[in-house]
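Working notes for the structure below.
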Amino acid sequence: MDGELLSDTFVELTDTMVAGFDVIEFLHVLTDRSVQLLDVEAAGLLLADPRGELRVVAASSEAARLIELFQLQNDQGPCLDCYRSGLPVHAADLAAEAGRWPRFAPAAQQAGFTAVQALPMRLREQVIGALNLFRAGPGAFDTADVRVGQALADVATIGLLHERSMRRSETLNEQLQTALNSRVVIEQAKGKLAERLGVDMDQAFSWLRDAARARNRRLSELAQAFVDGTETLIGPARRRPQPGSWRKPSAPDGGS
Amino acid sequence: MTTAVAPLDGDVRMTLSRQSRIWGLVAGQAASHGGPVSVSDACAAVVTAVQVTGAWLSAASGTESAGHLISVTDAVGERLAELQLTLGEGPSPDAAADGGPVLTSDLSETEADRRWPVFAPAARQAGAVAVFTFPLRIGAIRAGIMGLYRDRAGQLSHRQLGDVLLFADIAAILLISADQAGETAAGFGPGGQPADLAGHRAEIDQATGMLTEQLGVGITEAFIRLRAYAYAHDRPLGDLARDIVARRVRLGPDPVPSEDDQA
């Protein structure tokens, strides 16, 4: 495990009181760093909305986002079990889990995931969501990886809950709703960009995120401006088929 | 420390029935006066459902979220809406700018005066002690603002907040639909209920974005056209959205100029 990246990540996830803090960006850092630091291929994150609904707010790839959505649509899967119980849930080989999750297990395998670990985002009795880690190959998750993954989830949860409650207890709900709406804006922008450039949603998202970084803009802000038409993201179509900056650099099964 | 939010609802399956219950309250309000369901019904129903004193609702005009007043339940609500339109200051403009709710459980706290030096004292004088404003938005689509007030201090409970957000979702759809003559039913399933958006939200949002390009229209109209197409072809919105995202269905620009369609 990259110790320097790990300590940088903890600093990043603690730093939630900065001006222009963006919950969506913050949670994307959590999923992306999970993939970079741990021996996993993908990560996804569900957060609870006061409407009583779980929402997919961040994912390290489109495949991870889709499998998270699948859990919500089918009301079944490790992330939901984890959220409802507030306890970690894992499966070392989804091929053996058809009894537990008859719809989720085959769908996850079809998406290329064989092992899954779900970690609660929890502070005392309050569970606000769950972080899902996916691996392509079967086998138990490394205990050190699980510990670090839970520590990342904990730091993020405390960053969201604790820091804000010191200011005003209503702020988390305000920010959460803003974040959920930002998520919708980003999906709308992905659709518009995917159609304009003739690319898929995953590529559209990478493109959008790269554009935000290049312009030093917040992702949700740039997405809003692009959908509003006040900002034109004229991009050479199909210029970057595989934007790799946020992906794990090494081979899929190379331990880190 | 976190005295904050009550433990969250564990059951995702609740959402649809909860959404149906809220829709039932809005529809019931409409039935009581015998007219078709409108945003005013959402405004009136939310007041009794979450135990606030009054509410107001304003529609967006252009990219301005707080445009003109559409509905109020009492004189204090009207005064609060008016004050903010006049002053350009208060929780409504802030909710519009931030894109998230602004929840103020006690206007007499110094933070309120610091944040809104003119509005806060004026609102207290008008008789409001707690004010909660909610932007009516679907991503980049801005429909307006819903405001609630109480004549006493106190937070919305976690359950009340969830309910208000569901009322706000319905109000947003009704406001957008109201712009389209004779199109109020689109997007509502059999029995007049809102379609289940929860599970297919992302595809609907992506498809809406794609339609802005396919049809060469703004995001609000793209959403209206998506729902109208689903309604006209008797298809669930989520299914249609998935087909559009998978590029199995494509909507061309309307051959008839859209101005002619609108009454």
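Read the figures in this text as sums done on the coordinates, not as results from a lab. Everything quoted here is computed from the prediction, not taken from an experiment. Cβ coordinates were reconstructed from backbone atoms using ideal geometry, including for glycine residues, and neighbour counts include every protein chain displayed.
Take every pair of alpha-carbon atoms less than 8 Å apart whose residues are at least six positions apart; their mean separation over the length of chain A yields a relative contact order of 20 percent. A cut-off of 5 Å between modelled amide H atoms, ignoring neighbours fewer than 5 places along the same chain, links A:V127 with B:L8. Averaged over peptide B:155-161, the number of partner chain Cβ atoms lying within 10 Å of each residue's Cβ comes to 3.
Tell me the net charge near B:D94. Cut-off is 11 Å between Cβ atoms, B:D94 excluded, with +1 for each Lys or Arg and -1 for each Asp or Glu. So the surrounding residues net to -2. Protection proxy ranking, highest mean first, for peptides A:41-48, B:24-31, B:111-118: A:41-48, B:24-31, B:111-118, where packing is the per-residue count of other beta-carbon atoms within 10 Å, averaged. Between the amide H of B:I138 and those of B:A143, distances stay under 5 Å, these residues lying 5 or more places away or on another chain, with hydrogens modeled in the peptide plane. Model label sites at A:A95 and B:H233, defined 7 Å from Cα along the beta-carbon direction, differ in position by 4.0 nm. Comparing A:T31, A:T14, A:T232 in a Gaussian network model of chain A, where Cα atoms under 10 Å apart are tied by springs, the biggest mean-square fluctuation is seen for A:T232. Karplus-based coupling profile of the stretch B:72-87, in residue order and whole Hz: 9, 9, 7, 5, 5, x, 5, 4, 5, 5, 4, 3, 6, 5, 5, 7, with θ = phi - 60° in 6.51 cos²θ - 1.76 cosθ + 1.60 and x standing for Gly or Pro. With a 10 Å cut-off around each Cβ of A:128-140, the average count of Cβ atoms from other chains is 0. Each Lys and Arg Cβ is given +1 and each Asp and Glu Cβ -1; about its Cα centre, the stretch A:178-228 then shows a dipole of about 220 debye. Over the stretch B:14-178, Cα pairs under 8 Å with separation of 6+ residues give a relative contact order of 25 percent.
Sketch the reach of a paramagnetic label on A:E4 as a point 7 Å from Cα along Cα-to-Cβ, and name the residues of the stretch A:138-156 whose backbone nitrogen lies under 19 Å away. Within reach of a label on A:E4: no residues. The fewest-to-most ranking of B:Y149, B:Y231 by surrounding Cβ atoms within 10 Å reads B:Y231, B:Y149. Take each residue of peptide B:138-145, count the partner chain Cβ atoms within 10 Å of its Cβ, and average: the result is 5.
Multiplying the residue separation of A:R103 and A:E125 by 0.36 nm and removing their Cα-Cα distance gives an extension gain of 5.0 nm.
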